[in-house]
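Here's the structure we're looking at; comments come further down.
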Amino acid sequence: PGATPRDEDALTRLLVAVILISGLAVAAIGLVQQVTWNGKVLWFFVPLDWRAPILNRPRMMGPFVDPDHFAAYLAMTVPLFVSRAWNALAADGGPERDETVPILCSAALVVVVCALLLSESRAIWAGTVVSCVLFAVMASRIRTPTVFRARADGARAWVPRLGLAALAVVALAIALIGSAGRGQVDTRIGQSA
């Protein structure tokens, strides 16, 4: 009960930071590659089964050959981004509270969600939503006040803020992917229906 966020193992903090930075880097590479697509993965690699550069590849795939693998990699990082960005939503912050990491993780989460949407992987979209819901359920079971720096009165204190933040992230990501990206996502959802 007396544990604080500073009592974590240094190796665990380092591993989480490396995972978050690599997730942001992969999403950023995917977004830049989508804009500057020349038919090759990472601008220089042509997979053997392609035999030639493919110029009309609408789904974002980043440094992966398969867009679904790209989306799955990013989906695994989303709950970590949410947990690190959580401090921005916590109610009880002291004067010594540092907002840098939550703000950076919130911004990176928007970038990752943009890349997830443009990957057009419907199964990964569903998996990401399920993983975030499971994160919220598991986090609501934690009763230690210092973990999220909020009162320990269960989920009803912070779930509405988490839901609004999730809607804001998705709305911002949808606005940032542009009309062409929204059209691709809409077409992909229409194919599912």
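Report yes if some residue within segment 73-89 is over 22 Å from Val16 (Cβ atoms), modelled with pLDDT under 90 and either open to solvent by less than 60 Å² (accessible area, probe 1.4 Å) or part of a loop (DSSP other than H, G, I, E, B) (or both); otherwise report no. Can you show your working first?
Initial filter on segment 73-89 (over 22 Å from Val16 (Cβ atoms)): none.
No: segment 73-89 contains no residue that is over 22 Å from Val16 (Cβ atoms), modelled with pLDDT under 90 and either open to solvent by less than 60 Å² (accessible area, probe 1.4 Å) or part of a loop (DSSP other than H, G, I, E, B) (or both).
Spot the failing condition for Pro95; the list is (1) at pLDDT 75 or above; (2) over 20 Å from Ala165 (Cα atoms), and only one is missed.
(1)
Could you look through segment 38-61, keep only residues that are open to solvent by less than 40 Å² (accessible area, probe 1.4 Å) and not hydrophobic (A, V, I, L, M, F, W, C), and pick out the one that is nearest to Leu116 (Cα to Cα)? Lay out the reasoning, then the answer.
Let us first name the residues in segment 38-61 that are open to solvent by less than 40 Å² (accessible area, probe 1.4 Å), namely 39, 41, 47, 50, 60-61.
Now restrict to residues that are not hydrophobic (A, V, I, L, M, F, W, C): 39, 47.
Values: Gly39: 20, Pro47: 22 Å.
My answer is Gly39.
Tell me, please, whether a residue that is exposed (fewer than 12 other Cβ atoms within 10 Å of the Cβ) and over 19 Å from Ala115 (Cβ atoms) can be found in segment 22-37.
No, segment 22-37 contains no residue that is exposed (fewer than 12 other Cβ atoms within 10 Å of the Cβ) and over 19 Å from Ala115 (Cβ atoms).
For Leu104, only one of the following conditions fails: (1) under 30 Å from Ala193 (Cβ atoms); (2) open to solvent by 40 Å² or more (accessible area, probe 1.4 Å); (3) at pLDDT 85 or above. What is its number?
(1)
Got a sec? Which of Ala115, Ala123 is modelled with pLDDT of 90 or more, open to solvent by 50 Å² or more (accessible area, probe 1.4 Å) and under 14 Å from Tyr73 (Cα atoms)? Reasoning before the result, please.
Details: Ala115 fails: open to solvent by 50 Å² or more (accessible area, probe 1.4 Å).
Being modelled with pLDDT of 90 or more, open to solvent by 50 Å² or more (accessible area, probe 1.4 Å) and under 14 Å from Tyr73 (Cα atoms) holds for just one of Ala115, Ala123, which is Ala123.
The values are calculated or read from the model by the stated rules, or taken from the named source; none is laboratory data. If you're wondering where the values come from, they're calculated on a predicted model, not measured in any experiment. No Cβ is skipped: glycine too gets one built from the backbone with ideal geometry, and neighbour counts run over all protein chains shown. Calculation scope for accessible area: heavy atoms of the full protein, side chains included, ligands and nucleic acids excluded. Shrake-Rupley method; radii C 1.70, N 1.55, O 1.52, S 1.80 Å.
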